[in-house]
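The block underneath contains the structure these notes are about, expressed in structure tokens.
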Amino acid sequence: MKIAIIGYSGAGKSTLAKRISEKFDIPLLYLDTIRFKPHWTERADEECIEIIGDWMDEHECWVIDGNYKQLLQERRYDEADYIVFLDFPKRVCWKRVKQRFKEYEGRSRESVTFGCEEKLDDEFIRWVKHDCRDKYKRAAYDRTERAYPEKFIRCKNDADVDAFVEKLHI
């Protein structure tokens, strides 16, 4: 089983990825842990691609959490049995981002590189409320759905997520 989890910031990608990984004992890769070195320093695309490619080659089954078009997105989508798009409303994502910040303020989450402390700065607020949902990004999700209709799962709420997880069998 190979599952690519994509979607908006705050929708619950990392939470779902961990849930599936633990339930079915499948290796999990958070792309944010590859993309960023400590203190939010970005790795070069080439380095990330090599790390991710090697990781995918090493695992027969996997769950990968993250969007990042430039980081082997086509390969991830081609190889995935399911592409799960968390298409939650902006208000839900924003609420979850604020809750996450309260829980992890000044600390790193499991789904980001150690040393990347949870932040809620103006740049990230703009990203969550506007930029991650611009017409280009929405169009990219729609293109993915059209390209992979047999494996694209659009979840708009927690009930959709629960239904998807319940139907999984390994």
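Is region 98-108 home to any residue that is within 16 Å of the chain's Cα centre (by Cα), open to solvent by 40 Å² or more (accessible area, probe 1.4 Å) and closer than 26 Å to Y148 by Cα? Looking for residues that are within 16 Å of the chain's Cα centre (by Cα), open to solvent by 40 Å² or more (accessible area, probe 1.4 Å) and closer than 26 Å to Y148 by Cα, one finds none in region 98-108, hence no.
Whenever a residue of region 143-155 is over 19 Å from Y8 (Cβ atoms), its partners that are open to solvent by 20 Å² or more (accessible area, probe 1.4 Å) and of a type outside the set (A, V, I, L, M), lying with C-beta atoms within less than 8 angstrom and at least six residues away or across chains, give the pairs K151/D81; K151/Y82. Annotation note: of C132, C116, the sole residue that is open to solvent by less than 30 Å² (accessible area, probe 1.4 Å) and part of a helix (DSSP H, G or I) is C132. Residues of region 135-159 that are among the acidic types (D, E) and either open to solvent by less than 40 Å² (accessible area, probe 1.4 Å) or closer than 21 Å to V92 by Cβ (or both): D142, E145, D158. With respect to the conditions (1) without any contact (Cβ under 8 Å) to a residue 40 or more places away in the chain; (2) of a type in the set (D, E); (3) over 14 Å from I3 (Cβ atoms), D87 falls short on a single one, namely (1). Does V92 satisfy the criteria of being under 25 Å from E118 (Cα atoms) and in contact with a Gly (Cβ under 8 Å, 6 or more places away or on another chain)? Criteria met by V92. Scan region 36-65 for residues that are assigned to a helix (DSSP H, G or I), in contact with a helix residue (DSSP H, G or I) (Cβ under 8 Å, 6 or more places away or on another chain) and in contact (Cβ under 8 Å) with a residue 60 or more places away in the chain and the total you get is 0. Within region 26-62, being at pLDDT 95 or above, over 27 Å from L168 (Cβ atoms) and open to solvent by 20 Å² or more (accessible area, probe 1.4 Å) holds for A44, D45, E46, E47, I49, E50. Given the residues K69, K23, which is the only one that is touching a residue at least 40 places away in the same chain (Cβ under 8 Å), open to solvent by 70 Å² or more (accessible area, probe 1.4 Å) and not in a helix (DSSP H, G or I)? Just one listed residue meets the conditions, K69.
The values are calculated or read from the model by the stated rules, or taken from the named source; none is laboratory data. Quick caveat, the model's predicted, so the values are computed rather than measured. Here the Cβ is made from the backbone with ideal geometry for all residues, glycine too, and neighbour counts use every protein chain on show. Ligands, DNA and RNA are excluded from the accessible area calculation, which covers all protein heavy atoms including side chains. Shrake-Rupley method; radii C 1.70, N 1.55, O 1.52, S 1.80 Å.
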